[in-house]
1. Could you tell me whether region 208-216 includes any residue that is in a helix (DSSP H, G or I) and either among the basic types (Lys, Arg) or without any contact (Cβ under 8 Å) to a residue 24 or more places away in the chain (or both)?
2. Filtering region 96-124 down to residues that are among the acidic types (Asp, Glu) and more than 8 Å from ligand 2 (Cβ to nearest atom), which residue is surrounded by the fewest Cβ atoms within 10 Å (Cβ to Cβ)?
3. Taking Lys173 and the conditions (1) more than 14 Å from ligand 1 (Cβ to nearest atom); (2) surrounded by fewer than 19 Cβ atoms within 10 Å (Cβ to Cβ); (3) in contact (Cβ under 8 Å) with a residue 24 or more places away in the chain, which numbered condition does it fall short on, given that it satisfies the others?
4. Specify which of the listed residues (Ile78, Ile69) is more than 12 Å from ligand 1 (Cβ to nearest atom) and touching a helix residue (DSSP H, G or I) at 6+ places or on another chain (Cβ under 9 Å).
5. Taking region 50-64, which residues are within 14 Å of ligand 2 (Cβ to nearest atom) and either in a helix (DSSP H, G or I) or of a type in the set (Val, Ile, Thr) (or both)?
6. If the Cβ limit is 6 Å and pairs must be 6+ apart or interchain, which residue in region 249-278 that is without any contact (Cβ under 8 Å) to a residue 12 or more places away in the chain pairs with which residue that is assigned to a strand (DSSP E or B) and open to solvent by less than 60 Å² (accessible area, probe 1.4 Å)?
7. Residues being within 23 Å of the chain's Cα centre (by Cα), among the hydrophobic types (A, V, I, L, M, F, W, C) and farther than 30 Å from Thr180 by Cβ: count how many of those fall in region 44-85.
8. Please work out which one of (1) loosely packed, with under 15 Cβ neighbours inside 10 Å; (2) touching a residue at least 60 places away in the same chain (Cβ under 8 Å) is the condition Tyr196 fails and give its number.
Amino acid sequence: PNPTSYIPNPWYNTCMSIQVLTAQLASQIAAGEVVERPSSVVKELVENALDAGAATINITVRGGGRDLIQVADNGAGIAASEIETAFLRHATSKLSTADDLAAIETLGFRGEALAAIAAVSHVTVVSRTAAEDAGTRLQLEGGEKISRELVGAPQGTVIAVETLFYNVPARLKFLKSITTERRLIDEFITRMALAYPQVRFRLTHENRITFQTSGSGDLQEVLGEVYGADTARQLLPILPDDRSQDAATGEPRTITVTGFAGPPGLNWANRSRIILFVNGRWIKDSSLSYAVIQAYHTLLPTGRFPFGIIFITMPVADVDVNVHPTKIEVRFQRPNRVFSAVQRAVRETLIAESPVPAVSSWSMGTSGAGGWTPAAARALTTPRETDQGALQLDWSSHAADVTLPP
Ligand code: ADP
Ligand code: MG
């Protein structure tokens, strides 16, 4: 045989024997999945605050999150007897059986976040429940407890995360600029403010309040804070669908779509203004984004994308949120139904709000773009439009007074 075909691995003799990783190293490795960057810490802490029923959430950031991320809430708090457990891996109060996993109603459930965050930073938590007279302060370094004491504290939880990734130089090296990290944090907080208009959010960077909402529950008001009053005024509330049956299948309707759609005159060169939530959870789903885009079929120039903020409410058992550690992608049991519910809701809103419906040669059924079956087209047209056999939406009057935010 060719003597070069066997090349002994020079590493082999110096390799270590097989060993179980220390708990600390294992959590550092696992932490990488959940805590990719500062904005992931903000996401996990804010989701915990929401799960705890907070009405007010204050987020304080320094150095784009590398120096400090602090999230203070007035939610249920963590009991003194459980505060250390909360930082153990796979410790959660939100799930106890496999059946629970099929019907998750909270944003968190994997019991990973606090352990992951603590493994790669210095954490100080102060928390008090309604039933306790005093709060507890716990300090951890790389996940190890360094102090614990009783303190005076209001009900709720404050978690401060400092020197993120201090012990993971590889991760630190790959962090983007402070500006990038800030932008990701800002985007996340504004999305959460949109999904939870009844919660009062306040975001502070370097001691300056950069964004806040009143918690009044008025989504349009939050839209004004995020996109400017001018844009918010033009947005069309998605028409409620009060049919009890799914128009396509005749089955009982289980999906509700609410939110706002922009008039066609308000459009962008990318999809970044199409924002989707399922049961209060922000998701990325290119197929559902496409459902929104399709609803604007022929109303937008090619290469332009609409504004849509879409809240989908559906039975928790029909959507699997346990697909990815960050829970940003979900899996629907019947994706086509969700797709058509979104497309229909937006389309009907556009048709109903069309200022001057006029007749022309536009025909919905024959575009060949996919998705628009003649039946779907019929379901979307009003009797008057059906009479004419075609429908033209005239948005030119609206488009004229649209100003695009930067
Ligand atoms: P998960 O959210 O998946 O349960 P976490 O590691 O994020 O896991 O949190 C662990 C547990 O700590 C939660 O289940 C909850 O009981 C408690 N907890 C975390 N943050 C808060 C908070 N802000 N308010 C009240 N309880 C909290
Ligand atoms: Mg959590």
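The values are calculated or read from the model by the stated rules, or taken from the named source; none is laboratory data. Because the structure is predicted, anything quoted here is derived from the model rather than measured. Every residue, glycine among them, receives a Cβ derived from its backbone with ideal geometry; neighbour counts consider all protein chains shown. Keep in mind that these areas ignore ligands, DNA and RNA; they rest on the heavy atoms of the full protein, side chains included. Shrake-Rupley method; radii C 1.70, N 1.55, O 1.52, S 1.80 Å.
1. To start, the set of residues in region 208-216 that are in a helix (DSSP H, G or I) comprises none.
No, there is no match, as no residue in region 208-216 is in a helix (DSSP H, G or I) and either among the basic types (Lys, Arg) or without any contact (Cβ under 8 Å) to a residue 24 or more places away in the chain (or both).
2. Start the filter on region 96-124 by keeping residues that are among the acidic types (Asp, Glu), which leaves 99-100, 105, 112.
Now drop any that are not more than 8 Å from ligand 2 (Cβ to nearest atom), which leaves 99-100, 105.
Details: Asp99: 8, Asp100: 14, Glu105: 11.
Among those residues, the one meeting the criterion is Asp99.
3. Exception for Lys173: condition (3).
4. On the way: Ile78 fails: more than 12 Å from ligand 1 (Cβ to nearest atom).
Ile69 is the lone residue from the list that is more than 12 Å from ligand 1 (Cβ to nearest atom) and touching a helix residue (DSSP H, G or I) at 6+ places or on another chain (Cβ under 9 Å).
5. Restricting attention to region 50-64, the residues satisfying the condition of being within 14 Å of ligand 2 (Cβ to nearest atom) are 50-54, 57.
Across region 50-64, the qualifying residues are Leu50, Asp51, Ile57.
6. none
7. Residues that pass the stated criteria total 2.
8. (1)
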